1. Measure off 7 Å from each Cα along the Cα-to-Cβ vector at Gln173 and Asn209, then give the distance between these two points in nanometres to one decimal.
2. Please list, in order, the residues from the stretch 1-22 whose amide nitrogen is less than 14 Å from a point placed 7 Å along the Cα→Cβ vector of Ser56.
3. Could you pull out every one of the lysines with an alpha carbon less than 29 Å from that of Lys106, ignoring same-chain neighbours closer than 8 positions?
4. By accessible area of protein heavy atoms, probe 1.4 Å, what ranking do Thr277, Thr246, Thr181 get, highest first?
5. Once you have the Cα-Cα distance between Val217 and Ser35, take 0.36 nm times their residue separation minus that, and quote the gain in nm to one decimal.
6. Using only the alpha carbons of the chain, what is the convex hull's orientation-averaged projected area in square nanometres?
7. Taking the chain as a Gaussian network, where each spring joins two C-alpha atoms under 10 Å apart, which residue of Gly136, Gly122, Gly177 fluctuates the most?
8. For the chain, set up a Gaussian network in which alpha carbons nearer than 10 Å are linked by springs, and say which option among Pro258, Pro74, Pro224 fluctuates the most.
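The values are calculated or read from the model by the stated rules, or taken from the named source; none is laboratory data. Please read these numbers as outputs of a predicted model, since none were measured by experiment. With ideal geometry, Cβ positions are generated from the backbone for all residues, glycine too; neighbour counts draw on all protein chains shown. Protein only, heavy atoms only, side chains kept; ligands, DNA and RNA dropped before computing areas. Shrake-Rupley method; radii C 1.70, N 1.55, O 1.52, S 1.80 Å.
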Amino acid sequence: MQVRFASIDSRAHLVVDSTETHCDVIDVARASNGSLPSDPMDCFSRWDDLRTLASSTTTSTKRVEFERLDCPVPRPRQMFAVGLNYRRHAEEMGSPIPSQPLIFAKFQSSLNAPYANIKVVGDTVDYESEVVVVIGTGGRDIAQSSAWDHVAGLCAGQDVSDRKLQYSGTPPQFSMGKSRTGFSPIGPWVADMAGVEQRNSLRIGCSVNGERRQDTVISDMIFPIDHIVSYLSTICELYPGDIIYTGSPAGVGHGFKPPVYLQPGDVVETTLEGVGTMRHRFV
Ligand code: ZN
């Protein structure tokens, strides 16, 4: 059975079943009689054991509403993000097509739950729907051909951006404008992609107040997931639970003429095919 890994009340859980509004889960530490940890961050280095638990457990489940889901990776040691990884998005931002991955950081204090509120700060807050990679087995100098072996799974992510702050300064440095409180929601859970053939061609996108704004197949990435993991590992050691935002497709509010930014009251729904949906209300 595919591992779908969630955090609830700061404890690691496996999602056994889900509907549009709730999911049925088991507590990892309890279902494994304590042989697996309760802290979500200690589970990414035990991913094979989680797969075994997911396929063998007979523990009874409990039902939780999506609003109770925490950020599934609450304390990653590193949070990388790739800029301009889809051609049409680079064009709408008026930026050249990168010849190597353009990397910036999002900071841990900006992490957020998959169903939560996000405070609008200023008048240029924008959405970016992204695939988020969660590292299982870390390492350095990981070959592109074995990169997927180092991936625990994928989440949907929003790389919420304060455009004015992102582009301030000469040259601009993206990390601050992407790290305000609540600007890095991921979820709704980490879905194992081992053996999933479509993992390089999933659809990612979002709607704002029900209007579809972004909708792309991730095979359109300039640098695919295995390339990004391999590239990062030639510079930084990767650790279990590190997360990588892999870039936004076209359709962000900043690309409209004139730009259309998020306002208090807006609801953004972000869906990664094969994983799930997050919903955020901007307040
Ligand atoms: Zn982004």
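1. 3.6
2. 1
3. Output for Lys106: Lys119, Lys164, Lys178, Lys257.
4. Thr181, Thr277, Thr246
5. Additional length available on full extension: 61.6 nm.
6. Seen from a random direction, the Cα hull of the chain projects 13.7 nm² on average.
7. In the Gaussian network model the winner is Gly122.
8. In the Gaussian network model the winner is Pro258.
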